[in-house]
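Notes follow the structure.
The values are calculated or read from the model by the stated rules, or taken from the named source; none is laboratory data. Since the structure is predicted, the reported quantities are computational estimates derived from the model, not experimental observations. So basically every Cβ, Gly included, is an ideal-geometry build from the backbone, and we count neighbours across all protein chains shown.
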Amino acid sequence: MRRPAEPSQTPAADFDAVALRPAWVEIDLAAIRFNVAEAKRLAGSAKLFVVVKGDGYGGGVVEIAKAAVAAGTDAIAIGAPADALALRNAGIKCPILMYASTLPEHAALVASLGIAVTIHDFVSLDAFAHCGVPVEAWVKVDCGLGRLGFNPDEFAAAFARLQKAKTLHFGGIYAHFALPEEPAVMATQQRIFADACRAAEHAGQARFERMVASSRVMLGYPELNLTAINPGRFILGLMEPPWATKASVRPAVRSLKSRVIQIKDLPAGTVSFGGAERKLGPVRAAVLPIGYGEGLPHAPPCHEVLVRGKRAKILSRRGIEHTVIDVTGIAGVEIGEEAVLLGSQGGDAITAEELSAALKVPVLELIPRIARCAPRRYVESQDFS
């Protein structure tokens, strides 16, 4: 068997192989800056910690953080050590707070990153207190969410032990409040958080940050902005009703697009991809090189796309890298034609809310998943700054 010929030359260093596959999501950095500026306005005198966990909610941790810093954030909150390394290597020098996400035996390595860490139980407290590296520590308290954090009956002992830890600099207390839609639940959580702050003061802590205002709390309870706020989904414009109406917010995930790579006529009786659940034809079909590998659901309902400003139904299940659409009633569709799965084209638009409802996946899950899975292109919108 003859060996294939060797390539005549190696690709250039700036060769963009990703761009050769015509499927991409557009991330609007101007929208990020707009939303950060709006969060700063809502924060008032409180410090702004822009949350970029989950790879910047799918938008890219470095790019989203850079835009947030350019818009004046006071600090960045992250979800993993790799984020800290990426941000520091990218030249971002502002304070960074990392939420709890590591094992106790790695405390020294985490502390060496030069970031503020989270203490959420006695094991993590002791690990950072004895890691041999001075570190700024924030305390996470559980006010009723049932996730990470010290329980109320542990507050006094936790802050007493923290006070004795010579290598720990106490930065602040934070909590994540559940059910901001229910004021009575919020009131109970607020009282628990106040108890935690009093326990810290009783242990001898005088000045520290107090932070409970994530995106929805920031919008619905301005009195809870305290000394710092930490919005995340707000920065990406991922606010669902009624929260989206409480402040100006712009969607940062602006569009999901692809281009036609094949046009073909399907005769009557053609079986749709994925099984014999439906027969097609006669249909003029177009194939897009985008599929569930880009974060979209595999099985129907798969909704529709915009081609030449008109709606084209998705014919069958998506493959991992292909989607087939019906362009029978759309004249002049050619190979290379742009198809919009999310965003606007001509006089029509497929919004995140429409796509979410059609695919039966919440916006907060669907849009970050698409942004993280699809090849990203960063854009700068012109309709706002």
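Those residues that are in a strand (DSSP E or B) and farther than 23 Å from Pro251 by Cβ, I need them from segment 313-328; list them, please. It would help to see each step written out before you state the result.
Taking segment 313-328 first, the residues in a strand (DSSP E or B) are 313-314, 323-326.
Scanning segment 313-328 gives Lys313, Val324, Ile325, Asp326.
Take the residues in segment 156-185 that are within 15 Å of Ser214 (Cβ to Cβ) and in a loop (DSSP other than H, G, I, E, B), then tell me which one is nearest to the chain's Cα centre (by Cα).
Applying the filter and picking the extreme gives His176.
Just the residues that are among the β-branched types (Val, Ile, Thr), part of a helix (DSSP H, G or I) and closer than 17 Å to Val305 by Cβ, please, taken from segment 329-385.
If we filter segment 329-385 for residues that are among the β-branched types (Val, Ile, Thr), which is where we start, we get 330, 333, 335, 340, 350-351, 361, 363, 367, 370, 379.
Retained after the next criterion (residues that are part of a helix (DSSP H, G or I)): 363, 367, 370.
Ile367, Ile370 - these are the residues of segment 329-385 that are among the β-branched types (Val, Ile, Thr), part of a helix (DSSP H, G or I) and closer than 17 Å to Val305 by Cβ.
Which pairs have Cβ atoms under 9 Å, sit 6 or more apart or on different chains, and link a residue in segment 171-184 that is within 29 Å of Ile115 (Cα to Cα) to one that is of a type in the set (Lys, Arg) and surrounded by 20 or more Cβ atoms within 10 Å (Cβ to Cβ)?
Note: pairs meeting the criteria are Gly172/Arg210; Ile173/Lys140; Ile173/Arg210; Tyr174/Lys140; Tyr174/Arg210; Ala175/Lys140; His176/Lys140; Phe177/Arg216.
What do you reckon, is Glu338 within 20 Å of Val253 (Cβ to Cβ), surrounded by fewer than 19 Cβ atoms within 10 Å (Cβ to Cβ) and under 24 Å from the mean Cα position of the chain (by Cα)?
Working: within 20 Å of Val253 (Cβ to Cβ): yes; surrounded by fewer than 19 Cβ atoms within 10 Å (Cβ to Cβ): yes; under 24 Å from the mean Cα position of the chain (by Cα): no.
No: the conditions fail for Glu338.
Looking at segment 85-97, which of the residues that are touching a residue at least 24 places away in the same chain (Cβ under 8 Å) and surrounded by fewer than 21 Cβ atoms within 10 Å (Cβ to Cβ) is nearest to Tyr174 (Cα to Cα)? If you could, list the steps in order and put the result at the bottom.
Of all residues in segment 85-97, those touching a residue at least 24 places away in the same chain (Cβ under 8 Å) come to 85-88, 90, 92, 94, 97.
Those still in the list that are surrounded by fewer than 21 Cβ atoms within 10 Å (Cβ to Cβ) too: 85-86, 88, 90, 92, 94.
Values: Leu85: 23, Ala86: 24, Arg88: 24, Ala90: 27, Ile92: 23, Cys94: 19 Å.
Filtering segment 85-97 for residues that are touching a residue at least 24 places away in the same chain (Cβ under 8 Å) and surrounded by fewer than 21 Cβ atoms within 10 Å (Cβ to Cβ), the one nearest to Tyr174 (Cα to Cα) comes out as Cys94.
Counting just the residues of segment 186-244 that are outside any helix (DSSP H, G or I) and of a type in the set (Lys, Arg), which one comes out farthest from Ala37 (Cα to Cα)?
First, pick out the residues of segment 186-244 that are outside any helix (DSSP H, G or I): 203-214, 221, 225-242.
When the remaining residues are screened for being of a type in the set (Lys, Arg), the result is 207, 210, 233.
On the way: Arg207: 27, Arg210: 21, Arg233: 14 Å.
Per the criteria, the residue is Arg207.
Among (1) touching a residue at least 24 places away in the same chain (Cβ under 8 Å); (2) assigned to a helix (DSSP H, G or I); (3) of a type outside the set (Val, Ile, Thr), where does Asp153 come up short?
(1)
Go through (1) modelled with pLDDT of 95 or more; (2) closer than 21 Å to Pro362 by Cβ; (3) surrounded by 18 or more Cβ atoms within 10 Å (Cβ to Cβ) one by one and return the number of the condition Gly293 breaks.
(3)
So which of Thr73, Thr10, Thr102 ends up being at pLDDT below 95 and either closer than 28 Å to Ile370 by Cβ or surrounded by fewer than 18 Cβ atoms within 10 Å (Cβ to Cβ) (or both)?
Values: Thr73 fails: at pLDDT below 95; Thr102 fails: at pLDDT below 95.
Unique residue meeting the criteria: Thr10.
So Pro301 passes all but one of these: (1) farther than 21 Å from Ile367 by Cβ; (2) out of contact with any Pro (no Cβ under 6 Å at 6 or more places or on another chain); (3) surrounded by fewer than 18 Cβ atoms within 10 Å (Cβ to Cβ); (4) at pLDDT below 95. Which condition number does it fail?
The failed condition is (1).
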